[in-house]
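Scroll down for the structure; my scribbles are underneath it.
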Amino acid sequence: MAWASPFRNDLVKDKVALVTGGGTGICFGIAKALGSHGARLILMGRRQDVLEKAQAELAGENIECAISSGDVRRPRDAARAVEQVSRFGALHILVNGAAGNFLCSAEDLSYAAFKAVMDIDLLGSFNMCQAAFPALRSHGGVILNISTTFHYGATPLQTHASAAKAGVDALTRSLACEWGKHGIRVCGIAPGPIAGTEGMRRLAPFGVKQKLKETVPLGRLGTIEDIATAALYLCSDAASYVTGETLVVDGGHWLAKPALIPWDLYERMKNDRQKQ
Ligand code: COA
């Protein structure tokens, strides 16, 4: 990562982190950031070849990493990934990043399509939390759920992902309350449009990327490093009193609406007022 981290490089030293969906995209970026700040990693994903490629890239940066191929929808795969963690010691950090999404109108969405996304995003996150709980309970730790902002307003063509991630946010809050007494913090990140990701490829085809960029108050798409930086903060002791919170990292995107009063009209009104 050609990126100057604002954190000390021992921020999460000796912590062990299990990252689902960690073979690619935002979650690979999070894994790499945790690894380059001292954590040992287990990447979980469905595709062995993708995990092996990620592992090789991390090895090239002297980041210790094991892989566990499996599907978060299957409790047995979740349990196996957590078992594999034991080769590194105790689990401290679980990042739930495995997700599925595509553009589809509600009337075209099949039962299986809606269920696939609910199962991967929501049930999968729950499965992983439950599998990790005994390990985290013994010494405390952090669960970081990767969410979205789709459900803060409404996001046509993404009913499935919006519903699933609303559930993920509910999971974040409920588990934060239930498991706080065990020293387990449960937080989330809601990324906005992030350049160079599978999400952008799937959800912002054709000219939509440029249009999106124009609607972000900070005037740019996010980077994977923007999300990785937020993840480092939330997974570290810097956030030791933060739980149940989903941090929006989107350049202000979800707050922005098309201007009702165009700026040039406002300027004209201001000039007229000053003349009076
Ligand atoms: N539009 C509408 N329906 C779609 C679809 C699309 N683009 N892609 C898949 N589906 C439907 C399938 O047709 C199937 O429904 P059917 O049986 O009624 O035909 C259902 O979704 C399940 O598809 P399948 O491919 O069997 O599921 P899967 O579990 O292998 O894959 C997905 C899950 C569909 C979420 C797949 O897109 C995936 O694996 N994504 C992972 C990567 C990803 O989405 N990242 C998110 C970046 S934002």
Tell me which residues come under 5 Å, amide H to amide H, from Val249 once H is placed; ignore anything under 5 positions away on its chain.
Ala190, Gly192
Give me Rg over Rh for the chain, both radii from the alpha carbons and Rh done the Kirkwood way, two decimal places.
1.03
When a footprinting reagent is the concern and you count Cβ atoms within 10 Å, what order do Met44, Met118, Met128 take, fewest first?
Met118, Met128, Met44
Under the 7 Å Cα-to-Cβ spin-label approximation, Asn271 and Ser174 lie apart by a distance in nanometres of 5.8
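Cβ neighbours within 10 Å, averaged per peptide: list 240-249, 104-113 in order, most packed at the top.
240-249, 104-113
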What lysines sit close enough to Lys13 to cross-link, taking a C-alpha to C-alpha distance under 23 Å and skipping anything fewer than 8 places away on the same chain?
Lys32
In deg cm²/dmol, rounded to the nearest 500, the helical mean residue ellipticity at 222 nm of the chain, built from -39500 (n - 2.57) for every DSSP H run of length 4 or more, is -13000 deg cm²/dmol
Stick to the Cα atoms of segment 132-239, pair each with every other, and give me the Kirkwood hydrodynamic radius in Å at one decimal.
15.5
Mind listing the long-range amide H neighbours of Cys65? Cut-off is under 5 Å, sequence gap 5 or more, other chains count too, H placed in the peptide plane at 1.01 Å from N.
Leu41
Most positive-pole-ward Cα, Pro217, Ile26, Phe102, against dipole of the chain from beta carbon charges:
Pro217
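Readers should treat all values here as calculations from the given coordinates under stated rules, not as data from a laboratory. Note that this is a predicted model, so its numbers are computed, not measured. Methodologically, a virtual Cβ is constructed for each residue, glycine included, from the backbone with ideal geometry; neighbour enumeration extends over all protein chains shown.
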